[in-house]
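The values are calculated or read from the model by the stated rules, or taken from the named source; none is laboratory data. Keep in mind the model is a prediction, meaning the values are calculated, not measured. Glycine gets a Cβ as well: all are built from the backbone with ideal geometry, and neighbour counts include every protein chain shown. Ligands, DNA and RNA are stripped out before the accessible areas are found, and what is left, the full protein with its side chains, is counted by its heavy atoms. Shrake-Rupley method; radii C 1.70, N 1.55, O 1.52, S 1.80 Å.
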Amino acid sequence: MSAVILRNVFKRYGAVQVVHGIDLDVRENEFVVLVGPSGCGKSTTLRMIAGLEEITRGTLTIDGKTMNRIAPKDRDVAMVFQDYALYPHLNVAENIAFGLRIRRVKKDEIARSVKNVAETLGLTDYLDRRPADLSGGQRQRVAMGRAIVRHPKVFLFDEPLSNLDAKLRTQMRAEVRRLHSRLGVTSIYVTHDQVEAMTLADRIVVMNEGRIEQIGTPMKLFVNPVNTFVAGFLGSPPMNQFRGIIANGGDRPSVMLGSARIEIPDSVHNDPGREVILGIRPEHVMLAPGENSSPVKVALDLVEPLGSEALLHTAMGGEPFVVKANTDGDLSHLSGVAEVHVPVAQVKVFDAKSGRSLLRESW
């Protein structure tokens, strides 16, 4: 069982604590993505798993064995770095085979392994080339091949696609996911890109300031964020967030945002006068009235076309309010938008002081 388990793990550099007692269970053959802003501790956590950083306090187990004092070379993990870390004087075949040569694997076995990995990654025609003669995507595949050829228990990826252009990054995301499905190896992937996290992960771990904010499947975190940080971090464009007050009266609970009254789900405890933060995703807002929705007057400022969709930059009570709408191949029907409709079921409600969700289904 190549499960990876962290229990109450801390990391401190002198007086500065960067990881604050995290607990994480990565199941065998699972693809887990650590995501968060720069400086949140995700890469440090990955490096502690690899053995490149010492754990200040807590325990790390891989395959049921405690790894705190085990050297990186003896942990049976393979790491793919952001900057490829290829040897420029070696060709592709030699770069892939380097780790096996160090372990004194027999030459015929090395040749067979390199051939199989090259076929898997589409590198067969490039085995005699050096890294300088390859594109960024090809170099990254070579780096992954060097990890794969060892047949490790755990793959670790440290922002491996961040140096690639947008088109190649999209292509490589699909290749990484297919590779994981084919090999079925436990994988832990670090990125600051929430799109990568959503498209790659079996489960996402959202980190902030050295702590884990929420763990769950991509759609669970998108639909039911546990707090305002997760709500604002996952989603592109991010969730609109407005400060308001739970209203008095009415047939159902609602929140006052200035003069606008927006109904909220029944699962929120009706506590009139309580200050809350209302979360509304741009893609959930409708331009036409719908069942169980609240009409909201808006002032349109800018239409940002994206092809089949457009972002409407509006204002509600002086606060920025972004709406994502279908264009249907024509922007003319968007230029006069003065009212939008917010479905009650899609509204998220958070406590204004703690930022924690007030919806029961988020817990």
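Summary table
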{"quantity": "So residue 169, is it among the charged types (D, E, K, R), outside any loop (DSSP other than H, G, I, E, B) and touching a helix residue (DSSP H, G or I) at 6+ places or on another chain (Cβ under 9 Å)", "calculated": "yes"}
{"quantity": "Any chance residue 169 is modelled with pLDDT under 85, under 29 Å from residue 229 (Cα atoms), open to solvent by less than 60 Å² (accessible area, probe 1.4 Å) and within 18 Å of the chain's Cα centre (by Cα)", "calculated": "yes"}
{"quantity": "Single match in 97, 78, 93, 85 (criterion: within 30 Å of residue 174 (Cα to Cα), open to solvent by less than 10 Å² (accessible area, probe 1.4 Å), at pLDDT below 95 and not in a strand (DSSP E or B))", "calculated": "97"}
{"quantity": "Pairs with Cβ under 7 Å, 6+ apart, first in segment 58-76 and within 21 Å of residue 103 (Cα to Cα), second surrounded by fewer than 16 Cβ atoms within 10 Å (Cβ to Cβ)", "calculated": "67/61; 72/52"}
{"quantity": "Selected residue (criterion: most open to solvent (accessible area, probe 1.4 Å)) from residues of segment 242-251 that are more than 7 Å from residue 273 (Cα to Cα) and without any contact (Cβ under 8 Å) to a residue 40 or more places away in the chain", "calculated": "251"}
{"quantity": "Strands (runs of 3 or more DSSP E) (entirely within segment 173-241) containing at least 1 residues that are open to solvent by 20 Å² or more (accessible area, probe 1.4 Å) and touching a Phe, Trp or Tyr at 6+ places or on another chain (Cβ under 6 Å)", "calculated": "203-208, 211-216"}
{"quantity": "Hits in segment 309-328 (condition: part of a loop (DSSP other than H, G, I, E, B) and either at pLDDT 90 or above or over 31 Å from the mean Cα position of the chain (by Cα) (or both))", "calculated": "317, 318"}
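To keep it simple, each residue is scored yes or no on (1) at negative phi; (2) without any contact (Cβ under 8 Å) to a residue 24 or more places away in the chain; (3) among the hydrophobic types (A, V, I, L, M, F, W, C).
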{"position": "208", "(1), (2), (3)": "yes, no, no"}
{"position": "231", "(1), (2), (3)": "yes, no, yes"}
{"position": "236", "(1), (2), (3)": "yes, no, no"}
{"position": "256", "(1), (2), (3)": "yes, yes, yes"}
{"position": "262", "(1), (2), (3)": "yes, no, yes"}
{"position": "265", "(1), (2), (3)": "yes, no, no"}
{"position": "268", "(1), (2), (3)": "yes, no, yes"}
{"position": "276", "(1), (2), (3)": "yes, no, yes"}
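For (1) part of a helix (DSSP H, G or I); (2) open to solvent by 30 Å² or more (accessible area, probe 1.4 Å), each residue gets a yes or a no:
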position: 104; (1), (2): no, yes
position: 109; (1), (2): yes, yes
position: 119; (1), (2): yes, yes
position: 137; (1), (2): yes, no
position: 140; (1), (2): yes, no
position: 144; (1), (2): yes, no
